[in-house]
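**Q** Structure in structure tokens, see below.
A short reminder: the numbers here are calculations on the coordinates, not readings from a lab. This one's a predicted model, so the numbers in the text were calculated from it and none came from an experiment. All Cβ positions, even for glycine, are placed from backbone atoms using ideal geometry, and neighbour counts span all protein chains on display.
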Amino acid sequence: MKVKKADGIGFCMGVRRAIDILEKISTERGGVETLGAVVHNQQVLRRLDQIGVRIVNSISEMQGNIVVVSSHGVGPKVVEEIKSRNIEMVDTTCPFVKRAQVAARRLAESDFFTIVFGDVDHPEVKGILSWAGDEGIATQDATTFTDIKNPPRHLGVLSQTTQVPAEFARFTTEIIKRVLIKDSEIRIIDTICHDIRRRQVDSLNLAKESEIVLVVGGQTSANSRHLYELCANITETHLVETASEVKKSWLKGKHQIGVTSGASTDEHTIDDVISRLESMD
Ligand code: SF4
């Protein structure tokens with residue numbers, strides 16, 4: 001049995017950067033609070049908990065006076081609330097997320113209505129949307145605009161950073177068909193992250209040469225789920241959070257095993273999965 005890892009596996013730049021900052025601050029200050037989970041990965045969160053990183057769901061839950069904003073970022077109202085309470089803010093918002101936030105803010109300043117192509121419940125999407133002011137929605141369903149009587153004349157379309165580029169292209173094509181009317185204007189801004197784009201291509205290439213692919217990632221991680229869906233179109237694929245979830249029955253008669261990971265999966269967890277696969281050979 002041969003186990004092959006995808007290129008560019010493990011933490012993405014944004015998550016690596018956020019965790020490095022968080023570990024440093026928590027060690028220096030003897031603990032710190034993060035606004036929401038810094039990554040969607042239970043193994044990483046458990047390790048951070050051991051060095052004093054505590055998760056709060058809102059500023060009002062805070063006990064200390066320093067808060068770390070996660071790589072997913074937050075909206076301007078949250079930043080204001082932090083400032084008004086004289087809480088020190090350490091911002092680990094990923095530069096790619098920041099780019100999407102700035103695009104949303106500029107659209108709002110130019111009186112554009114913003115559509116964010118993404119998961120409406122995801123913290124990154126909520127944050128980007130709030131930079132668009134009150135003029136925006138998040139959706140993955142272009143038919144939302146089918147029955148709209150007075151479509152906005154100025155419309156901006158952005159994407160959650162972890163979406164699949166081909167799906168964003170399909171969505172924007174549908175939006176143009178449904179909403180573009182005489183004298184209207186649509187601005188489409190590609191805000192999909194470079195790491196995610198490369199990771200999807202590398203994982204697809206791996207899937208083409210594998211009899212089975214394991215995507216190592218959290219069940220709540222949006223980008224891990226996208227990798228799972230992409231690879232599952234090509235070969236047998238399983239999304240596993242830890243090594244203990246790998247089943248021997250999956251490997252029966254298989255010789256080429258591919259392993260890839262979501263952007264918030266650490267190297268330890270990937271190595272554990274590979275060791276378990278090798279122990280089952
Ligand atoms: S997946 Fe991309 S946008 Fe998200 S944190 Fe990582 S580098 Fe940043």
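**Q** Using all alpha carbons of segment 13-94, what is the percent of pairwise distances in each 5 Å bin, ordered from the shortest bin to the longest?
**A** The percentages, shortest bin first, are 3, 16, 31, 28, 17, 6, 1.
**Q** So, one more: Which loop trypsin sites (Lys or Arg not before Pro) in segment 157-191, with loop taken from DSSP, have no more than 14 other Cβ atoms within 10 angstrom of their Cβ? All intermediate terms of the calculation are to be shown ahead of the outcome.
**A** Values: sites: R170, K177, R178, K182, R187; in loops: K182.
Taking segment 157-191 and a limit of 14 other Cβ atoms within 10 Å, the loop trypsin sites (Lys or Arg not before Pro) found are K182.
**Q** If you don't mind, there's one more thing I want to ask. Straight-line reach from K83: which lysines fall under 24 Å, measuring Cα to Cα and dropping same-chain residues less than 8 apart?
**A** K83 reaches K24, K98, K126.
**Q** Give the long-range amide H neighbours of S261: residues separated by 5 or more places, or on another chain, with amide H under 5 Å away, using H modelled in the peptide plane at 1.01 Å from N.
**A** Counting only residues 5 or more places away or on other chains, the set is G10, V216.
**Q** Here is a further query. Pulled fully out, how much extra length does the chain show between R54 and V79, if you take 0.36 nm times their separation in residues and subtract their Cα-Cα distance?
**A** Here the answer is 7.1 nm.
**Q** Nearest 500 deg cm²/dmol is fine: what mean residue ellipticity at 222 nm does the chain get from its DSSP H runs of n ≥ 4 alone, each adding -39,500 (n - 2.57), divided by its residue count? Walk me through the numbers on the way to the answer.
**A** Working: 9 runs with 113 residues, N = 281.
One gets -12500 deg cm²/dmol as the mean residue ellipticity at 222 nm.
**Q** Could you name the lysines whose alpha carbon sits less than 24 Å from that of K4, not counting residues in the same chain fewer than 8 places away?
**A** Once the sequence-local lysines are set aside, what remains near K4 is K208, K247, K248, K252, K254.
**Q** Still on this model: Once label points are set 7 Å from the Cα along Cα→Cβ at both E88 and D281, what is their separation, rounded to one decimal in nm?
**A** So the two model labels end up 5.0 nm from each other.
**Q** Another question about this same structure. Leaving out same-chain residues fewer than 8 places away, which lysines sit with a Cα under 23 Å from that of K149?
**A** Of all the lysines, those that pass the test against K149 - Cα under 23 Å, at least 8 places apart if same chain - are K177, K182.
**Q** Where a ≥ b ≥ c are the square roots of the eigenvalues of the C-alpha gyration tensor, would you call segment 183-281 rounded, which needs a/c under 1.5, or, failing that, prolate if a/b is larger than b/c, or oblate? Write down the numbers at each step before the final one.
**A** Values: a/c = 2.86, a/b = 2.03, b/c = 1.41.
Prolate.
**Q** Which three lengths, in whole Å and largest first, does the chain cover when its Cα atoms are put on their principal axes?
**A** 62, 50, 24
**Q** Given a Förster distance of 45 Å, report the FRET efficiency between V201 and I181 from their Cβ-Cβ distance, rounded to the nearest 0.05. Let's see the in-between values first.
**A** Working: r = 36 Å, r/R0 = 0.80.
Efficiency at R0 = 45 Å is approximately 0.80.
**Q** Further question on the same structure: With the crude spin-label approximation of a point 7 Å out along Cα→Cβ, what separation in nm comes out for T242 versus H255?
**A** 3.4
**Q** Let me ask something else about it. Treating only the Cβ atoms of Lys and Arg (+1) and Asp and Glu (-1) as charged, compute the dipole magnitude of the chain about its Cα centre; round to the nearest 20 debye. All intermediate terms of the calculation are to be shown ahead of the outcome.
**A** Working: 35 positive and 39 negative charges, 78 e Å.
Taking the Cα centre of the chain as origin, the dipole is about 380 debye.
**Q** How large, in Å, is segment 96-188 by the Kirkwood hydrodynamic radius built from its alpha-carbon pairs? Before the final figure, lay out each step's value.
**A** On the way: mean 1/r = 0.0767 Å⁻¹.
Over segment 96-188, the inverse of the mean reciprocal pair distance is 13.0 Å.
**Q** Something else: For Cα pairs less than 8 Å apart in space and 6+ apart in sequence, what is the mean separation divided by the residue count of segment 96-188, i.e. the relative contact order in percent?
**A** Working: 144 pairs, mean separation 29.6, N = 93.
That works out to 32 percent.
**Q** Starting with the fewest neighbours, write out R99, R199 ranked by other beta-carbon atoms found within 10 Å of each beta-carbon. Walk me through the numbers before you get to the answer.
**A** Numbers: R99 16, R199 26.
Fewest to most other Cβ atoms nearby, the residues stand as R99, R199.
**Q** Using a/c under 1.5 as the rounded threshold, could you call segment 214-263 rounded, prolate or oblate? The axes a ≥ b ≥ c are square roots of the C-alpha gyration tensor eigenvalues, and prolate needs a/b larger than b/c, oblate otherwise. Mind dumping the intermediate values first?
**A** Details: a/c = 2.36, a/b = 1.40, b/c = 1.68.
Since a/c reaches 1.5 but b/c is at least a/b, the shape of segment 214-263 is classed as oblate.
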